[in-house]
1. If the only charges are +1 at each Lys and Arg Cβ and -1 at each Asp and Glu Cβ, what is the size of the charge dipole of the chain around the Cα centre, to the nearest 20 debye?
2. Need one number for the chain: average projected area of the convex hull over its C-alpha atoms, nm².
3. I want the local charge near residue 370. Using Cβ-Cβ distances under 15 Å, sum +1 for each Lys or Arg and -1 for each Asp or Glu among the other residues.
4. Are there trypsin sites (Lys or Arg not before Pro) in segment 290-329 that DSSP puts in a loop and that have at most 15 other Cβ atoms within 10 Å, and which ones?
5. Can you compute the helix-only [θ] at 222 nm over the chain? Use -39500 (n - 2.57) per DSSP H run of at least 4 residues, normalise by all residues, nearest 500 deg cm²/dmol.
6. Taking the simple approach of a point 7 Å from Cα along Cα-to-Cβ for both residue 195 and residue 59, what is their distance in nm?
7. Towards the positive end of the charge dipole of the chain, with charges on Cβ (+1 Lys, Arg; -1 Asp, Glu), say which of 69, 27, 42 has the farthest Cα.
8. Restricting to bridges with both residues inside the chain, how much of the DSSP beta-bridge set is antiparallel, in percent to the nearest 5?
Amino acid sequence: MQKRTLITALTVAALCSHAVFAQDNKFKIGLILPMTGPFASTGKQIEAAARLYMAQNGDKVAGRTVELIVKDDAGTPDTTKRIAQEMVVNDKVQVLAGFGLTPLALATAPIATQSKTPLVVMAAATSSITEASPYIIRTSFTLPQAAVSMADWASKNGIKKAVTLVSDYGPGMDAEKYFKDRLLLNGGQVPDTLRVPMRNPDFAPFLQKVRDIKPDAVFAFVPSGAGAALMKQFAERGLDKAGIRLIGTGDVTDDDILNGMGDVAVGVVTTHHYSTAHPSALNKKFVEAFTKANAGLRPNFMAVGGYDGMRVIYEAAKASKGVGGGDALLAAMKGQIFESPRGPMFIDAQTRDVVHNMYIRKVEKQNGQLYNIEFDTIQDVKDPGKAK
Ligand code: VNL
């Protein structure tokens, strides 16, 4: 009886390992994105970019077929976490990716740690995210990178007094703190720091407050998709006429919606890691292919985070040759250095965070279309949030 039980157990084990082996022939990427709700444009951009990367680079890595499993979390942290758990346990994905918003990445970090599954953050940008799990790698950007660069530009360009206006959650807190600290360090003043609700924001009362204070500029951060409403209310409240400049991170003049903002956006200066108009041969090819594959849609900074994230995953799978599991994959993601459509980019092995150029850009009309035109570059910017 004892012996039979043992044999049965061994048979079951053999069958299981066979099943695992069969599954292992696929390399599965679990892509979790907001495909519905107020941040659906982020999901749409990243999914389109991931599919473009696969169309251009094939679906075979290290002798395995890549399978992209895309699921909608509607921007709700509990849902992101549940989907990630199901993907790890049931689908046996090798990598988790996506993460359209900071709370979604933070909620899922423990799943990555417990299951030793690399988690590639393609969108969310609060500095501390990479510290939430040693399995997190980021290919988007960080708000401190953009905010410090903006404060330095402002100080050199006659902006002494600025009010901050940010979305009231992780990335907004980072934008506010790093802009303010740097402007003060440069000898400037920040008479007020305003925080607007993340969901369904009404900017009007906050902009009225800015008008009353009459600073040289208002420095803004809102997540991708929300910039048009801010721009509209900025003009309606007559802040431009009152001589108050609008500056911000590139999230505000998001390429996805910039064209619809109209002439009020012309002249707005922002700092960011990616512009559709980035003048490199690689980016021209990327924009052309993306636009063609997506009925004229412009790729924005979310798309580039998704595209580069796929690059990091593919190259890690190739380098680790499909052996060694999550730890080997993670090790092969660290230290990758390559040319992205954004420009040169590097995954710092120590912090697992992205190091790249910050560009100072101004909205200009070219051939009847609005673009963020880069006119200055700060090279190889590490996340200032990591220097604590
Ligand atoms: C975040 C940061 C989201 C920047 C964004 O758009 C963005 C985030 C959805 O970390 O939540 O533009």
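A short reminder: the numbers here are calculations on the coordinates, not readings from a lab. All figures in this text were calculated on a predicted structure; none of them were measured in a lab. FYI the Cβ positions are ideal-geometry reconstructions off the backbone, even for glycines, and counts take in every protein chain you see.
1. 520
2. Quarter of the Cα hull surface area: 20.0 nm².
3. -1
4. For trypsin sites (Lys or Arg not before Pro) across segment 290-329 that sit outside H, G, I, E and B with at most 15 neighbouring Cβ atoms in 10 Å, the list reads 321.
5. Working: 11 runs with 157 residues, N = 388.
Roughly -13000 deg cm²/dmol at 222 nm, from the helical runs in the chain.
6. 4.5
7. Checked the options; the winner is 27.
8. Of all bridge pairs located within the chain, approximately 40 percent are antiparallel.
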